[in-house]
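**Q** If you scroll down you'll find the structure; I have some questions about it.
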Amino acid sequence: MATSAASYKKYEIRKRDPYPKSAALLVIDMQNHFSSIAEPMLPSLRSTVDLCRAAGIPIFYTRHRHRSPEDYGMLGEWWPGDLIIEGTPAADLLPNIGRRDGDRVVEKNTYSAFAGTGLEETLMELKVEEVIVTGVMTNLCCETTAREAFVKGFRVFFSTDATGTSNRDLHEATLKNMAYGFAYLVDCSRLKAAFSPKS
């Protein structure tokens with residue numbers, strides 16, 4: 001469930017555009033497990049990926065999976081019987097998300113893309129100062145990753161139309177929280193305008 005550009009603007013508190021030379025795109029958990037949630041926002045996600053790629057922004061795809069009960073953590077208690085197990089079709093990235101061979105895949109086993117993955121160190125090596133957060137689920141892995149990025153000192157841009165979750169209330173609650181204290185809200189049209197050559 002994504003939110004249209006018209007409806008998210010009521011949540012905006014601050015406006016800013018990403019700077020392509022210091023930004024990275026994070027595409028969170030676009031996997032078969034979440035296909036029903038991902039499908040409605042796929043056009044916006046693909047547009048975002050294409051815009052970022054054309055602007056020379058590095059793209060990172062995360063893949064959530066569990067290898068054994070030892071790495072379930074609290075997710076084993078919270079989502080029993082609904083975990084994504086390594087080696088199953090549910091763990092595979094969706095085929096139509098714009099991924100190319102050179103794009104990095106970050107393997108994770110909790111909500112945050114930063115927890116034990118080396119993502120922070122890789123971004124720092126690339127001199128990335130800003131992250132654009134897209135993917136699923138808006139209120140879980142996307143929100144947790146965005147909050148942690150903010151705490152780690154990255155400027156955060158959160159997509160309103162290239163994120164999705166199970167219902168509109170949860171999606172919009174995250175947008176309110178992000179806009180209030182963690183992230184600048186963006187959508188495809190804002191990114192297109194920001195990345196267009198200025199005359």
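The values are calculated or read from the model by the stated rules, or taken from the named source; none is laboratory data. The structure presented is a predicted model; accordingly, all values stated were derived computationally and were not measured. No Cβ is skipped: glycine too gets one built from the backbone with ideal geometry, and neighbour counts run over all protein chains shown.
**Q** So how many residues does the range 129-153 have that are surrounded by fewer than 23 Cβ atoms within 10 Å (Cβ to Cβ) and of a type in the set (A, V, I, L, M, F, W, C)?
**A** Count: 3.
**Q** Going by the conditions given, is Arg67 farther than 19 Å from Ala115 by Cβ and of a type in the set (Lys, Arg)? Spell out the reasoning first.
**A** On the way: farther than 19 Å from Ala115 by Cβ: no; of a type in the set (Lys, Arg): yes.
So Arg67 does not fit the description; no.
**Q** Does Asn96 count as exposed (fewer than 15 other Cβ atoms within 10 Å of the Cβ) and out of contact with any His (no Cβ under 8 Å at 6 or more places or on another chain)?
**A** Numbers: exposed (fewer than 15 other Cβ atoms within 10 Å of the Cβ): yes; out of contact with any His (no Cβ under 8 Å at 6 or more places or on another chain): yes.
Yes: the conditions hold for Asn96.
**Q** Only helices (runs of 4 or more DSSP H) wholly contained in the range 81-199 count here; list those with 1 or more residues that are modelled with pLDDT of 95 or more and within 29 Å of Asp71 (Cα to Cα). Walk me through it before giving the result.
**A** On the way: elements: 119-125, 143-151, 168-181, 188-195.
Here the list reads 119-125, 143-151, 168-181.
**Q** If you don't mind, another one. I'd like to check something: does the range 107-114 contain any residue that is touching a residue at least 24 places away in the same chain (Cβ under 8 Å), of a type in the set (Phe, Trp, Tyr) and over 25 Å from Pro43 (Cα atoms)? First the steps, then the outcome.
**A** Restricting attention to the range 107-114, the residues satisfying the condition of being touching a residue at least 24 places away in the same chain (Cβ under 8 Å) are 107-114.
So of that shortlist, the ones also of a type in the set (Phe, Trp, Tyr) come out as 111, 114.
After this cut, where a residue has to be over 25 Å from Pro43 (Cα atoms) as well, the list is 114.
Yes, the range 107-114 contains at least one residue that is touching a residue at least 24 places away in the same chain (Cβ under 8 Å), of a type in the set (Phe, Trp, Tyr) and over 25 Å from Pro43 (Cα atoms).
**Q** Further, regarding this structure: When the range 122-151 is examined, which residues are found to be under 20 Å from Glu39 (Cα atoms) and of a type in the set (Asp, Glu)?
**A** Within the range 122-151, just Glu143 meets the criteria.
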